[in-house]
Every structure is written in C-alpha cells, then in structure tokens.
C-alpha cells in the first residue's frame, strides 16, 4: 500500500505582526517611564551635581523657596510653616500604609541659606523620618573656574 505524502512547505515567521507588537511594547514602556518621574511640589531652581540621579520611588517632597524676605515651605503643593512641618510630616508618616519608612526629598532653591535648610532637615528628623535626600539637577561640570 502506497501513501501519498504531500511535501511539507518550510515554516514561515510573519514579520509584520511581530513588528507591530514590538512597536506597541516600545510605546507602552516609553510612556510608563515618562510617568514615573513626577515631582509633586513647587518649581524651584535646583543646584546642579554630577552625581545626581533620577529618583523613581514615591516619596514625600518638601520644597523650600526663598521669597527674598522669608522662606516658604511646601509639602507636595500645600504651603506649611516651619512650626507645622513636624506635625504634618508625622501625619503623613502615620497615613502611609507601607511597611517601609517613607523617604523625604528636599527640593531647596539655590538661594536658600544653609541655616534654613538645616532647620527643615531637623524638623524632618524630629518627625521620625530618617531617609532624607537633597535633590539637585544633574550636570556634566560641577566646578566652574572663575573668570579672570
């Protein structure tokens, strides 16, 4: 008994659907990365640093602005005074459902004095938060040579 076998054609991989899927994945990850770097605070002129890195973890943002005659403090976009800062940070720490301690990111204007910055850092530590990071803008050259 003789069986008729049809010759098998070689398997083909269709490239067009594969390219479409890869393109859609690329777009998805681009939009996902853009939405991760969101700052929930006031706009300030940050100092520059060559070792500054992008923070992707959700954190409490404290912004310090120099208004000339006084220093303005913000938690996210809510204006607070230095006297109320400790109390508000404690409330936020208690409201956090995560088991890890929340990080505090301090965004200080370039013109804010060193003393004012340390007052805010002391208030953050007094609230029971020890993970503090000072934010800066990444730059290629940190030290500029003075013009002669």
inquiry  = Output needed for the stretch 48-138: three equivalent-ellipsoid semi-axes, defined as square roots of 5 times the C-alpha gyration tensor eigenvalues, in descending order, whole Å.
reply    = 20, 18, 10
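Mind checking the full-extension length gain between residue 18 and residue 95? Use 0.36 nm per residue of separation minus the Cα-Cα distance, one decimal, nm.
Details: separation 77, 0.36 × 77 = 27.72 nm, distance 4.55 nm.
Here the segment from residue 18 to residue 95 would lengthen by 23.2 nm.
Values in this text are rule-based calculations from the coordinates and carry no lab data. Since the model is a prediction, treat every value here as computed from it, not as a measurement.
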